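One structure is given here, and the rest of the page talks about it.
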Amino acid sequence: MADDYKVKPRTDEEIRAIAKRQRKYFCVERQSLVDIRRCLMTPTVWTVFGEKSLSYKIVDDREIDVDGRAVYGDGSITVEIKSTVNDNAQFGFGRDRQTLAHELAHVTLHEGPTMSRQSGAVGNKIPKYLRPFESAEHQANWEQVSLRLLRSCIRSISRWRSQQ
Ligand SMILES: [Zn+2]
């Protein structure tokens, strides 16, 4: 989760197809319960820009101001996850597994905010100047859901939404 930025517009159907392809890459097409940590610990990942090398880095809570983020390098992507989020995800907390799924979605769909990052976006809220289909955060959230990585994750999203 990071500030939102403008990305290539994609329809929800397109994102669903991308999610399906990602599930296939990780050989979890038929699983209703997917260990996202294990996916993120795989040394390579399929992305819409081609296959890239992937690193999973657990960062001390005091050294990171977000729950997780994707750091884009040259042909490689590092997912940095706050230590407590990693621990909680391992123990099956829905919100923390959602964070991992969300970062995996960024890895799959985006190349990083360097091109068109705009300031003024806070958290992973979608600012008004971005239309949903070209918002990095919208796409990451949508793929997170359409991946259906975890039934419990989806249940916890709807529970969270109903409390808003
Ligand atoms: Zn995000």
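Orientation-averaged projection of the range 64-106 equals 3.0 nm² [convex hull of Cα atoms, one quarter of hull surface area].
Sparsely packed loop sites in the range 1-95 (the trypsin sites (Lys or Arg not before Pro) outside DSSP H, G, I, E and B with at most 10 other Cβ atoms within 10 Å) comprise Arg30. Less than 5 angstrom separates the built amide H of Tyr5 from those of Ala136, Glu137, all sequence-distant by 5 or more or on a different chain.
Neighbour counts of other Cβ atoms within 10 Å put Phe49, Phe133 in the fewest-to-most order Phe49, Phe133. In loop segments of the range 21-64 as defined by DSSP, the GluC sites (Glu not before Pro) with at most 14 further C-beta atoms inside 10 Å of their C-beta are Glu29.
For Lys82, a cut-off of 20 angstrom between C-alpha atoms picks up these aspartates and glutamates, skipping any fewer than 8 places away in its own chain: Asp3, Asp4, Asp35, Asp60, Asp61, Glu63, Asp65, Asp67, Asp96, Glu103, Glu137.
3J(HN,Hα) along the range 15-25, derived from phi through the Karplus expression 6.51 cos²θ - 1.76 cosθ + 1.60 where θ = phi - 60°, amounts to 5, 4, 5, 5, 4, 4, 5, 5, 4, 5, 4 Hz, with x in place of Gly and Pro. Estimated translational diffusion coefficient (Stokes-Einstein, Kirkwood radius over Cα pairs, 4 °C, 1.567 mPa s) of the range 1-73: 90 µm² per second.
Read-outs: derived from the displayed coordinates by stated rules, not from any lab. What you are looking at is a predicted structure, and each value in this text was computed from that prediction instead of being measured. Virtual Cβ from ideal backbone geometry, glycine too; neighbours counted across all protein chains shown.
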